[in-house]
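**Q** Sending over a structure as structure tokens; questions will come in a sec.
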Amino acid sequence: MDFTLTQQQQQMIEALDELGQREFAPKAPRWY
Amino acid sequence: MGFLGMTIPENFGGQERPLIDAILAVTTVAKYCGVTARLIVETNMGALGCIMAYGTEEQCKTVAHRILAEGDKPAIGMTEPEAGTALTDLTTRADKRGNCFAINGKKHWITGGGISQTNLIFARFFEDGKELGIGGILVDKGTPGFTFGKVEKAMGLRGIPEAELIFENCSVPKENVVVMGDGTEGIKKLMFGYNGQRVGASAVALGIARGAHDLAVQYMQKRKAFGKTLSEFQGLQWEMAQAEVKLNCAYLLICQAACNARPLRNNVRMPLMNEASMAKAYTGNIAIEVVSDSLQMFGAAGYAEDCPLERMYRDVRMFKIGGGTTEAQLNMLARHVFNRKFDLRK
């Protein structure tokens, strides 16, 4: 079985990662 | 962004993306928010999969429109107070009365209960007092006789309700039947249709764990103890490396189940029971371990609400339970391993 991501899948993941990091990053990183 | 209902067939207005695409989206979103990821699961698997595979053309059209145009998140009503893992103990009944079915009974711990317009309810079907078997029927929110009871104060995943559904002489047209009770055939179809949901739940658990692991890796490269960063301690390196192995094993099991899914009607793809169960049994356990080990890297900071690890630890605990317990998955796998059915009631 080939689990290599297609370009479309890779782009989708990158877009979601970017959105997630922007919207869900801890706002007050006291713990950082 | 088009992730809700992304697997809905083109002839019902969707993108008809393969199951693996939805799984990849779920896993990525869950790194940041498990609840949002669950919405992608509920609009691509679960009730939707059953309806697309077994429902009428009209049901498919209606539910697809609700998801794509109205943002509905279909609920699937299986669990009852006296029927959890032993689902076939359910007592909710659908009695044929003319052109309608009268539904009576109570469900609980129904994800999205109270907010979902579409509800696929598992019930025992009766006609002229004779039991036909367990089947599935659609009940819309707002139907007279259909109300909502207690909303659970859940440990995690609090952004989506887990509620009681109460049916008191709730009359729905016979056209709402998705799978008719037919001996043991109805429940078999419904449970096969539920395999997609199991893989989806595994993908949420994996995403939460991957998110926790990523945060711990970042933190360990900044936080210092004894004059060096945590990432320089070999014992801690090994813990994170071991977690990486677990995450990749889970990822491969989930990909295997999604990629090997069998096409049913409307190009709906359903994973095989043993592959879905393997993915869920494994991921449910390791996700908890990985989130717990990642939280440990933060010390007391990880135990505070300021840190996302605290939420992730509560959220991830659900996936050893919801969508079929780990033990139930292992029971099904045992059937596959020994190539025989074990009667749990004897």
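Computed from the coordinates by the stated procedures, all read-outs in this text should not be read as laboratory data. Remember, it's a predicted structure, so these values are computed and weren't measured experimentally. Cβ atoms come from the backbone with ideal geometry, glycine included; neighbour counts cover every protein chain shown.
**Q** How many percent of all Cα-Cα pairs in the stretch B:1-113 sit more than 16 Å apart? Show your work: numbers first, answer last.
**A** Working: 4128 of 6328 pairs.
Within the stretch B:1-113, distances greater than 16 Å cover 65 percent of Cα pairs.
**Q** Angle, helix B:234-259 long axis vs. longest principal axis of chain B, Cα atoms, 0 to 90°, nearest 10?
**A** Tilt relative to chain B: about 30 degrees.
**Q** Next question, about the same structure. Please determine, in degrees from 0 to 90 and to the nearest 10, the orientation of helix B:273-297 with respect to the longest principal axis defined by the Cα atoms of chain B, where the helix direction is its Cα long axis.
**A** Value to nearest ten degrees: 40.
**Q** Moving to a separate point now. Can you tell me the orientation of helix B:326-338 relative to chain B, as the angle in degrees between its alpha-carbon axis and the longest Cα principal axis, to the nearest 10?
**A** It is inclined by approximately 80 degrees.
**Q** With +1 on each Lys and Arg Cβ and -1 on each Asp and Glu Cβ, and nothing else charged, work out how big the dipole of the protein assembly as shown is about its Cα centre, in Debye to the nearest 20.
**A** The dipole magnitude comes to about 540 debye.
**Q** Write down the percent of antiparallel bridges among all DSSP beta bridges whose residues are both part of the stretch B:76-181, to the nearest 5.
**A** Here the antiparallel bridges make up roughly 85 percent for the stretch B:76-181.
**Q** List the pairs from B:LYS174/B:LYS341; B:LYS150/B:LYS346; B:LYS73/B:LYS320; B:LYS61/B:LYS341; B:LYS280/B:LYS341 whose alpha-carbon separation is above 31 Å, in the order I gave them. Let's see the in-between values first.
**A** On the way: B:LYS174/B:LYS341 33 Å; B:LYS150/B:LYS346 34 Å; B:LYS73/B:LYS320 22 Å; B:LYS61/B:LYS341 37 Å; B:LYS280/B:LYS341 20 Å.
B:LYS174/B:LYS341; B:LYS150/B:LYS346; B:LYS61/B:LYS341, as the Cα separations exceed 31 Å there.
**Q** Dipole of the protein assembly as shown (Lys/Arg Cβ +1, Asp/Glu Cβ -1, origin at the Cα centre): which of B:ALA53, B:GLN242, B:ILE166 lies farthest to the positive side?
**A** B:GLN242
**Q** From the phi angles alone, apply the Karplus equation (6.51, -1.76, 1.60; θ = phi - 60°) to the stretch A:11-19 and give each ³J(HN,Hα) in whole Hz, x where the residue is Gly or Pro.
**A** Each residue of the stretch A:11-19 in turn: 5, 4, 5, 4, 5, 5, 4, 4, 5 Hz.
**Q** What span do the alpha-carbon atoms of chain B cover on each of the three principal axes, reported in whole Å from largest to smallest?
**A** 79, 45, 38
**Q** On to the next question. Note down the relative contact order for chain B as a percent, whole number, built from C-alpha pairs under 8 angstrom at least six residues apart.
**A** Relative contact order comes out at 18 percent.
**Q** If you take the beta carbon distance between A:ASP2 and B:ASP128 as r and set R0 to 45 Å, what does 1/(1 + (r/R0)^6) give as a FRET efficiency, to the nearest 0.05? Don't skip to the answer; put the middle values down first.
**A** Numbers: r = 54 Å, r/R0 = 1.20.
That pair, A:ASP2 with B:ASP128, gives E of 0.25.
**Q** May I have the pair-distance distribution P(r) for the protein assembly as shown, computed from all Cα-Cα distances with 10 Å bins from 0 and rounded to whole percent?
**A** Per 10 Å bin, starting at 0, the Cα pair percentages come out as 5, 24, 32, 23, 11, 4, 1, 0.
**Q** Compute from the Cα atoms of the stretch B:76-181 the Rg and the Dmax, the latter being the longest Cα-Cα distance, and quote both in angstrom.
**A** Cα-based Rg and Dmax for the stretch B:76-181 come out at 13.3, 44 Å.
**Q** In whole Hz, with x marking every Gly and Pro, tabulate ³J(HN,Hα) for the stretch B:174-179 from phi via Karplus 6.51 cos²θ - 1.76 cosθ + 1.60, θ = phi - 60°.
**A** 4, 5, 7, 5, 8, 10
**Q** Just checking the output field for B:142-152: average partner chain Cβ neighbours within 10 Å of each residue's Cβ?
**A** Going residue by residue through B:142-152 and averaging, the value is 0.
**Q** Report, by chain and number, residues whose modeled amide H sits under 5 Å from the one on B:VAL177, excluding near sequence neighbours (fewer than 5 apart, same chain).
**A** B:LEU138
**Q** Taking N as the number of residues in the stretch B:10-73, what value does Rg over Cα atoms divided by 2.2 N^0.38 Å take?
**A** The value comes to 1.12.
**Q** Based on alpha-carbon atoms only, what is the radius of gyration of the stretch B:189-338 relative to the globular estimate 2.2 N^0.38 Å?
**A** On the way: Rg = 17.4 Å, N = 150, 2.2 N^0.38 = 14.8 Å.
After normalising by residue count via 2.2 N^0.38 Å, the value is 1.18.
**Q** Given the C-alpha atoms of the stretch B:53-95, compute the convex hull and give its volume per residue in Å³.
**A** 125 Å³
**Q** In addition: Tell me the relative contact order for the stretch B:10-73 as a rounded percent, counting alpha carbon contacts under 8 Å between residues six or more apart. Show your work: numbers first, answer last.
**A** Working: 37 pairs, mean separation 23.2, N = 64.
Relative contact order of the stretch B:10-73: 36 percent.
**Q** While we're looking at this one, here's another question. Per residue of the stretch B:219-228, in order, report the coupling 6.51 cos²θ - 1.76 cosθ + 1.60 (Karplus, θ = phi - 60°) as ³J(HN,Hα) in whole Hz, putting x for Gly and Pro.
**A** Each residue's phi maps through the Karplus curve to give 4, 5, 8, 10, 6, 10, 9, 6, x, 9 Hz.
**Q** For the stretch B:81-140, take the alpha-carbon Rg, divide it by the Kirkwood Rh, and send me Rg/Rh.
**A** 0.97
**Q** Amide H to amide H under 5 Å from B:PHE101: which residues, 5+ apart in sequence or cross-chain, H placed 1.01 Å off N in plane?
**A** Close amide H contacts, sequence-distant or interchain: B:VAL172, B:LYS174.
**Q** Taking the simple approach of a point 7 Å from Cα along Cα-to-Cβ for both B:ARG97 and B:GLU16, what is their distance in nm?
**A** A separation of 4.2 nm, rounded to one decimal place.
**Q** Projecting each Cα onto the charge dipole of the stretch B:76-181 (Lys/Arg +1, Asp/Glu -1 at the beta carbon, about the Cα centre), which of B:GLY142, B:THR91, B:ASN176 comes out farthest on the positive side?
**A** Projecting each Cα onto the dipole axis, the largest value belongs to B:GLY142.
**Q** Taking only the alpha-carbon positions of the stretch B:158-225 and ignoring solvent, what does the Debye formula give for the base-10 log of I(q)/I(0) at q = 0.17, 0.20, 0.22 Å⁻¹?
**A** Scattering profile of the stretch B:158-225, log10 relative to I(0): -0.93, -1.06, -1.10.
**Q** Hey, for a label at B:ASP343 modelled as a point 7 Å past Cα toward Cβ, could you say which residues of the stretch B:181-196 have their backbone N under 16 Å away?
**A** It comes to B:184, nothing else.
**Q** Follow-up question, since we're still on this one. If the only charges are +1 at each Lys and Arg Cβ and -1 at each Asp and Glu Cβ, what is the size of the charge dipole of chain B around the Cα centre, to the nearest 20 debye?
**A** 460 debye
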